[in-house]
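See below for the structure under consideration.
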């Protein structure tokens with residue numbers, strides 16, 4: 001296990017932009033209390049910035065948890081944009097719907113309970129695809145969704161450095177191997193221009209030509 | 001001095017996307033031989049991706065060195081876009097012009113020898129401002145250029161973590177203090193949404209509302 005970014009740098013960055021939005025604060029507390037994973041505020045801010053730049057009409061999230069990343073996306077969307085959240089847990093999707101309702105953003109969101117990949121396959125012309133499902137599904141996810149991406153789409157995948165394990169030869173478990181294969185797929189695919197931002201657990205960002 | 005990102009992660013990322021462009025390879029070798037600083041391939045790729053997303057008509061670079069970042073920008077621009085490079089060194093600008101000419105991109109570039117801030121002030125409606133001049137000038141630079149930015153402009157500043165010194169209380173030299181003040185200015189300014197990407201020496205990326 002590798003500490004990707006020096007903890008003093010993470011603290012400095014977190015201190016620069018404290019979350020003042022009560023919905024974000026509540027979701028961050030819920031994550032702490034329940035142990036359910038969220039991308040956290042530093043990655044959340046990156047998602048917001050990318051969405052502002054891209055101005056997508058359609059965002060599809062594969063693996064939304066209880067809606068933390070989806071909330072960042074929804075805040076950054078213009079009125080014509082929509083974010084589709086997917087999660088196997090009915091409770092998670094109900095919570096996400098509640099947060100989006102309370103913040104006046106629910107009309108920009110769709111909530112799908114069930115298998116994320118199955119739901120994702122129902123959409124076309126996706127401008128921004130966010131991948132955060134179980135890591136062993138990452139390669140399946142991009143292969144299934146590639147034909148559903150719009151021209152110049154953005155693909156964003158969380159955990160692309162997988163606790164640093166992708167960079168450690170000794171790590172050969174299924175998740176690590178799949179994330180490695182996913183990264184290699186994205187970097188070598190001629191239709192994508194790919195980078196990985198070493199924020200938190202690594203965020204892959206790829207631009208489709 | 002803090003190692004911002006674990007060296008094994010940097011190696012992994014560098015290994016994922018080896019530069020195959022002979023102009024980039026030549027410039028990276030020149031940087032090694034001369035000791036002149038360049039942003040390097042990982043930041044270069046980030047600049048390319050941001051430029052593709054933003055599709056700027058006008059990029060202004062404050063502090064271009066011998067043209068490494070400018071070359072990444074020029075490659076990412078569409079035909080209607082232009083990058084203005086600025087450097088005090090005539091040799092640096094002549095070299096940049098030569099590389100851009102050899103690669104067929106010279107029509108997308110302008111080369112200004114002299115004081116970067118003075119040259120930068122001559123432009124308006126800047127869609128992407130890249131700041132990489134002497135660090136003690138960073139606050140002056142953004143204050144001077146703010147009125148010259150287009151709506152929804154992107155501001156990108158290299159060395160925003162300044163060898164990690166911004167996160168170390170004991171560091172109080174002029175450069176570190178100015179980079180800290182610059183970061184605080186950008187994060188607290190209500191017209192900007194700001195993040196710092198901990199690639200190499202830290203890249204500040206801000207979206208102007």
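Remark: pairs (first residue in the stretch B:197-209, on the phi > 0 side of the Ramachandran plot; second residue in a loop (DSSP other than H, G, I, E, B); Cβ separation under 8 Å; 6+ apart in sequence or on different chains) = B:200/B:4; B:200/B:39; B:202/B:4; B:202/B:159; B:202/B:160; B:202/B:161.
Inside the stretch B:163-184, can you point out the residues that are crowded, with 17+ Cβ neighbours inside 10 Å, under 13 Å from residue A:16 (Cα atoms) and within 11 Å of chain A (Cβ to nearest Cβ)? Scanning the stretch B:163-184 gives B:166, B:167, B:180, B:183.
Residues of the stretch A:1-52 that are in a loop (DSSP other than H, G, I, E, B) and farther than 21 Å from residue A:63 by Cα: A:1, A:2, A:3, A:4, A:6, A:17, A:18, A:19, A:20, A:21. What do you reckon, is residue B:116 closer than 30 Å to residue B:184 by Cβ and within 14 Å of another protein chain (Cβ to nearest Cβ)? Answer is no for this residue. For the stretch A:148-183, a residue qualifies if it is at positive phi and assigned to a loop (DSSP other than H, G, I, E, B), and exactly one does: A:159.
Looking only at the stretch A:15-24, residues that are more than 7 Å from every other protein chain (Cβ to nearest Cβ), under 23 Å from residue A:159 (Cβ atoms) and at pLDDT below 95 come to 1 in all. Here residue B:100 meets the list (1) over 19 Å from residue B:134 (Cα atoms); (2) more than 14 Å from every other protein chain (Cβ to nearest Cβ); (3) touching a residue at least 12 places away in the same chain (Cβ under 8 Å); (4) in a loop (DSSP other than H, G, I, E, B) almost entirely, failing just condition (4). Inside the stretch A:25-74, residues that are more than 13 Å from the chain's Cα centre (by Cα) and away from chain B (no Cβ under 14 Å) make up a count of 14.
Among the residues making up the stretch B:185-209, those that are under 15 Å from residue B:2 (Cβ atoms) and either touching a helix residue (DSSP H, G or I) at 6+ places or on another chain (Cβ under 6 Å) or within 9 Å of chain A (Cβ to nearest Cβ) (or both) are B:196, B:198, B:199, B:200, B:202.
In this structure, is residue A:146 within 24 Å of residue B:55 (Cβ to Cβ), within 18 Å of the chain's Cα centre (by Cα) and more than 10 Å from every other protein chain (Cβ to nearest Cβ)? Answer is yes for this residue.
The values are calculated or read from the model by the stated rules, or taken from the named source; none is laboratory data. Note that the coordinates shown come from a computational prediction; the quantities given were computed from them, not determined experimentally. Note that each Cβ is placed from the backbone with ideal geometry, even for glycine, and that neighbours are counted across all protein chains shown.
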